[in-house]
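Written below as C-alpha cells is the structure these notes are about.
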Amino acid sequence: MFDINVSQKLRALRKKRGWTQSDMAAQLDISVPAYSKVECGMTELTLGRLRQLAVILGVKVCWLLDEDEMVLHQENEELKEKLRLTNIEVMGLQKRLLACFERR
C-alpha cells in the first residue's frame, strides 16, 4: 500500500479536471476497477506509474509524494476561490456605485 495522501491527491486532481475514473483508467490503459484501487490506496504504485500519473495530471512526482505540498496546494486553491468571490463582489459594488452617479 502507498501513502493515502497520494490517493487523495490523485482523486482531487482528477475531479478538479472534471475527469471520471474511467477517463483516468483509459489514459493509463488499465481497467476502471484497477484505477479505483489506485485512488483507494489499495495498489502499490511503481515509480513509472507515478511518473505517468504525474504527466497526465500535470504535476511533478515529488508533489504527489509530498504531504506539505498538498496542504499548501489546497490552501492556495481556497485562497484563489476567495479572491475570485471578492473580485465578483467588488465588481458588483462598482456597478452599483456607477448606477448611483448616473442617476445624479
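Between the stretch 6-31 and the stretch 38-62, how many Å separate their Cα centres?
If you average the Cα positions of each part, the centres end up 10 Å apart.
Taking the Cα centre of the chain as origin, work out the dipole magnitude from +1 charges on Lys and Arg Cβ and -1 charges on Asp and Glu Cβ, in debye rounded to 20. Walk me through the intermediate numbers first.
On the way: 17 positive and 15 negative charges, 141 e Å.
I would put it at about 680 debye.
Please count, across the chain, the pairs of lysine residues with Cα atoms under 27 Å apart that sit 8 or more places apart or on different chains.
Close lysine pairs under the 27 Å cut-off: 17.
Computed from the coordinates by the stated procedures, all read-outs in this text should not be read as laboratory data. It should be emphasised that the depicted structure is a prediction, and the values quoted were computed from it without experimental measurement. In this analysis, Cβ positions are derived from the backbone assuming ideal geometry, glycine residues included, and neighbour counts consider all displayed protein chains.
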